[in-house]
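A.B. asks: Sending over a structure as C-alpha cells; questions will come in a sec.
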Amino acid sequence: MGTALAEARGAAKAGDVPVGAVVVDPDGAVIGMGRNLREAGGDPTAHAEIVAIRDAASSLGTWRLDGCTLVVTLEPCLMCAGAALQARIARIVLGAWDAKAGATGSQWDVVRDARIGAKVEVVSGVRADESAALLAEFFADRR
C-alpha cells in the first residue's frame with residue numbers, strides 16, 4: 001500500500017485525483033503500477049487501477065492476471081471492478097471506501113456478485129486514514 005500511496009501523491013502533484021494502485025504477483029513482486037491520469041492524458045478510462053492492470057499485463061505478456069492482487073488507495077468504481085474481474089485478479093486490497101461510487105462492497109459488490117460467478121477476495125481498510133486524508137486534502141484545496 002505504501003507504493004500505491006506514493007503513486008496517489010504523484011497523481012495529486014500532477015493535478016489528478018490522488019488515487020494510486022499496484023498489482024502484485026502471487027510471489028509478492030510488484031508487476032504493475034498506476035496513478036490516476038485522467039487529467040494528464042485526457043482519458044476518462046485512465047483510472048489508477050486500469051493503468052496498473054495494463055502495466056501488469058504488459059509485464060507478464062498476458063491479460064490473465066490469475067493469482068495477482070490489486071492494491072489501491074480508494075475502492076474501485078464499477079469500471080475498475082469490472083476490469084479486475086476481466087483480468088482475473090484474485091484479491092483487491094483497498095484503503096478508503098468510496099461511499100459514492102465504490103463497487104467492491106460499499107455501493108455495489110460487483111466482484112463478489114454470485115450472478116457473475118467470480119469471487120474476488122476483498123481486504124479493506126489498509127492504511128485507510130492516509131488514503132482518505134490525501135483525497136480530503138486534494139478536494140479541500142479546490143473548494
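A.B. asks: Which of the trypsin sites (Lys or Arg not before Pro) found in the range 69-121 are loop residues per DSSP with 12 or fewer other Cβ atoms within 10 Å of their Cβ?
C.D. replies: Qualifying residues, ordered by number: LYS100, ARG115, LYS119.
A.B. asks: What order do you get for 47-55, 29-37, 124-132 when each peptide is scored by the mean count of other beta carbon atoms within 10 Å, highest first?
C.D. replies: Descending mean neighbour count gives 47-55, 29-37, 124-132.
A.B. asks: Quick one: Cα convex hull volume of the chain, Å³ per residue?
C.D. replies: Spread over its residues, the Cα hull of the chain gives 97 Å³ apiece.
A.B. asks: Could I ask something else about it? Please give the helix 48-60 orientation as an angle from the longest Cα principal axis of the chain, in degrees from 0 to 90, rounded to the nearest 10.
C.D. replies: 40
A.B. asks: Between the alpha-carbon centers of the range 20-58 and the range 64-103, tell me the distance in whole angstrom.
C.D. replies: Centre-to-centre distance over Cα atoms comes out at 11 Å.
A.B. asks: With axes computed from alpha carbons, what is the tilt in degrees of helix 2-13 against the longest principal axis of the chain, rounded to the nearest 10 within 0 to 90?
C.D. replies: 40
A.B. asks: Let me ask something else. Over the range 73-143, what is the relative contact order in whole percent, taking alpha-carbon pairs under 8 Å and six or more residues apart?
C.D. replies: Result for the range 73-143 is 35 percent.
FYI, it's all coordinate maths here, none of it is from the lab. A quick note: this is a predicted structure, and the numbers were derived from the prediction, not measured. Every residue, glycine as well, gets a Cβ built from its backbone with ideal geometry; the counts of neighbours run over all protein chains shown.
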